[in-house]
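Structure, as structure tokens:
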Amino acid sequence: MLVALVAVLLGAGAGYLARRDGASYPAAVMRAAAAFGATLGVVSAVTAAIAAVAALAG
């Protein structure tokens, strides 16, 4: 739940900054979506790595 909130906030921030930089609305939405997806991807990878280490240690 917290991960989704952080991803949404990062996506919104990226879209806002892209729009302030002069990007069109569709381009800003694409940047926001990319930031959202990247955040979820990184968190998934970190979670998988922690689970693998925990399985080896336990």
Any residue at all in the range 24-40 that is at pLDDT below 95 and either open to solvent by 80 Å² or more (accessible area, probe 1.4 Å) or of a type in the set (Ser, Thr, Tyr) (or both)?
no
Of all the residues that make up the range 1-23, how many are surrounded by 16 or more Cβ atoms within 10 Å (Cβ to Cβ) and farther than 13 Å from Ala33 by Cα?
1
Do we have Val43 as surrounded by 13 or more Cβ atoms within 10 Å (Cβ to Cβ), among the aliphatic types (A, V, I, L, M) and at pLDDT below 95 here?
yes
Against the condition open to solvent by less than 70 Å² (accessible area, probe 1.4 Å) and either hydrophobic (A, V, I, L, M, F, W, C) or free of Cβ contacts under 8 Å to residues at least 12 places away in the same chain (or both), how does Ala55 come out, does it pass?
no
Find all pairs meeting these conditions: Cβ atoms under 6 angstrom apart; at least six residues apart or on different chains; first residue within the range 17-32 and farther than 17 Å from Ala7 by Cβ; second residue aliphatic (A, V, I, L, M) and exposed (fewer than 10 other Cβ atoms within 10 Å of the Cβ).
none
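The values are calculated or read from the model by the stated rules, or taken from the named source; none is laboratory data. Note that the structure is a prediction, hence the values are computed from the model and not measured. Counting neighbours? That spans all protein chains shown, and the Cβs are built from the backbone with ideal geometry, glycine included. Note: accessible area is taken over every heavy atom of the protein model, side chains too, but ligands, DNA and RNA are not part of it. Shrake-Rupley method; radii C 1.70, N 1.55, O 1.52, S 1.80 Å.
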